[in-house]
Amino acid sequence: MKMKQLEYLIKIAECGSISKAAQELYISQPSLTKAISSLEEEFHVQLLLRKPRGVELTIDGIDVVFAEK
């Protein structure tokens, strides 16, 4: 895991939206999605619940965020 990926995951959780987090991080939405997908593959867990109107951390996502702090 790279620190940037953790930073991205935290920003997504704060914003509740991948698109809004991408805007605030000044990166493209596809790049951000790819970074999170890579992190999910590395941990073999789903980190975000994707909903029609945003996202939220799963229990595993919360564990990843707080384990690294």
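Some observations on this one:
- Label-to-label distance, nm, for residues given as K20 and K2 (7 Å Cα→Cβ offset): 2.6 nm
- For the chain: span of alpha carbons on each principal axis (Å, largest first): 26, 24, 20
- Just the protein heavy atoms count here, and of the accessible area of the chain at 1.4 Å, carbon and sulfur take up 53 percent.
- For the chain, the relative contact order works out to 31 percent when only alpha carbon pairs closer than 8 Å and six or more residues apart are counted.
- Each helix, a run of at least 4 DSSP H residues, gives -39500 (n - 2.57); summed and divided by the residues of the chain, these come to -20000 deg cm²/dmol at 222 nm.
- Computed over the chain with a Gaussian network model linking Cα atoms closer than 10 Å, the most mobile of L47, L25, L39 is L25.
- Checking every one of the chymotrypsin sites (Phe, Trp or Tyr not before Pro) in the chain against DSSP loop status and a limit of 14 other Cβ atoms within 10 Å picks out Y26.
- If only the Cβ of Lys and Arg carry +1 and only the Cβ of Asp and Glu carry -1, the dipole of the chain around its Cα centre is close to 300 debye.
- Average accessible surface area per residue within the chain, 1.4 Å rolling probe, Å²: 65 Å²
The values are calculated or read from the model by the stated rules, or taken from the named source; none is laboratory data. Model, not experiment: these values are computed from the prediction. Every residue, glycine as well, gets a Cβ built from its backbone with ideal geometry; the counts of neighbours run over all protein chains shown. Note: areas computed on protein heavy atoms with side chains; ligands, DNA, RNA excluded. Shrake-Rupley method; radii C 1.70, N 1.55, O 1.52, S 1.80 Å.
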